[in-house]
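What follows is a single structure, written as structure tokens, with notes after it.
The values are calculated or read from the model by the stated rules, or taken from the named source; none is laboratory data. From a predicted model like this one, the values you see are computed outputs, not experimental measurements. Ideal geometry is used to build each Cβ from the backbone, glycine not excepted, and the neighbour counts take in all protein chains shown.
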Amino acid sequence: MSRTTLSRYLIEQTRSHNTPADLRFLVEVVARACKAISHAVSKGALGGVLGSTDTENVQGEVQKKLDVMSNEILLEANEWGGTLAGMASEEMDKPYQIPGRYPKGAYLLLFDPLDGSSNIDVNVSVGTIFSVLRCPGDCFSQNDALGEEAFLQPGTKQVAAGYAVYGPQTMLILTLGDGVKGFTLDRELGSFVLTHENMNVPQSTAEFAINMSNQRHWEPPVQRYVSELLAGEEGPLGKNYNMRWIASMVADVHRILTRGGIFMYPRDAREPDKPGKLRLMYEANPMSFIIEQAGGMATNGQQRILDVQPKSLHERVAVFLGSKEEVERVTGYHQG
């Protein structure tokens with residue numbers, strides 16, 4: 001029995017769902033880059049890639065060696081194919097310009113090259129998150145440098161989003177706006193193979209993911225909600241909940257996509273001028289697109305994340321995503 005590879009799936013999408021050929025090629029190139037990152041991650045200490053560098057990224061965070069390597073892999077894989085007008089990375093201050101010797105295309109690629117990289121040295125799952133937007137107007141045909149404003153589109157404008165999770169198996173999760181598919185890397189075949197036909201987030205759940213060490217800094221609606229979760233059967237929600245926290249957004253969201261749950265990264269009192277911790281363009285938007293396409297829900301506590309109009313390339317946002325019933329509840333507490 002033949003198996004459906006990512007390439008075959010994308011070809012079928014082009015034939016039956018009018019997925020543009022250049023978008024198909026772009027997703028395939030990103031997938032190949034993720035295979036290369038997976039290989040580097042799996043080598044670990046054997047490849048000399050563990051530990052930190054002497055540099056910081058634009059967020060002021062010390063970069064891991066694999067952060068830098070993963071960023072370079074994605075840039076080099078995607079700069080020459082003629083599908084992109086530009087790229088933006090969580091690890092870079094400004095948009096990446098397609099070198100003049102290469103053709104430009106109609107799309108923009110944004111990515112977090114290695115989410116959860118603080119877990120690398122302890123051998124916990126990490127991943128790559130990516131988002132694809134159309135370049136507005138005729139910006140892909142201009143010879144001038146591509147500005148930040150081209151990327152500042154709400155999440156509803158995404159034409160594709162996905163993530164790779166590098167765990168016991170390497171998986172690529174993808175949405176083209178028509179549901180969510182899961183592909184597992186067959187290392188012998190060298191291809192991503194379709195293993196999860198239609199991924200759906202259960203509407204209700206008994207699991208939640210949040211960093212409880214920050215509880216004292218949360219706003220009252222989050223304090224109320226989590227206290228109700230912890231109250232269990234005797235509390236107002238009438239059931240017992242388990243907490244799971246991996247501290248890698250890719251790994252936590254993958255668990256929720258697979259078996260349900262709610263992931264929360266709220267704003268807190270330590271940095272009251274910041275609306276949250278996670279990056280809207282590189283983390284919250286693509287993950288929200290995936291979760292919504294799987295029947296879940298994603299908000300910042302006040303509104304749908306995909307409706308947020310970004311004001312800067314590295315904007316941060318609070319995140320509540322996962323099973324619809326629970327996201328609606330905690331969002332209601334913020335709005336009430």
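List of remarks:
- Lone qualifier among P286, P310, P221 - being part of a loop (DSSP other than H, G, I, E, B) and not assigned by TED's automatic domain parsing to the domain that holds V122: P310
- Inter-residue pairs, beta-carbon under 8 Å, first in the same structural domain as A85 (by TED's automatic domain parsing) and in the range 19-35, second assigned to a helix (DSSP H, G or I) and surrounded by fewer than 17 Cβ atoms within 10 Å (Cβ to Cβ), 6+ apart: P20/T14; A21/T14; R24/I11; R24/T14; E28/S7
- Among residues of the range 222-269, those that are surrounded by 19 or more Cβ atoms within 10 Å (Cβ to Cβ) and under 21 Å from G332 (Cβ atoms), counted: 15
- Just one of the numbered conditions (1) touching a helix residue (DSSP H, G or I) at 6+ places or on another chain (Cβ under 6 Å); (2) over 25 Å from A88 (Cα atoms); (3) part of a helix (DSSP H, G or I); (4) not acidic (D, E) is not true of I256: (1).
- Residue match in the range 128-140 (condition: surrounded by fewer than 14 Cβ atoms within 10 Å (Cβ to Cβ), modelled with pLDDT under 95, assigned by TED's automatic domain parsing to the domain that holds A21 and within 26 Å of L306 (Cα to Cα)): yes
- Filtered residues of the range 161-181 (kept if touching a His at 6+ places or on another chain (Cβ under 9 Å) and surrounded by fewer than 22 Cβ atoms within 10 Å (Cβ to Cβ)): G167, D178
- One residue from Q309, Q293 being of a type outside the set (S, T, Y), crowded, with 20+ Cβ neighbours inside 10 Å and touching a residue at least 60 places away in the same chain (Cβ under 8 Å): Q293
- Test: D93 is outside the structural domain of L280 (by TED's automatic domain parsing) and in a helix (DSSP H, G or I): no
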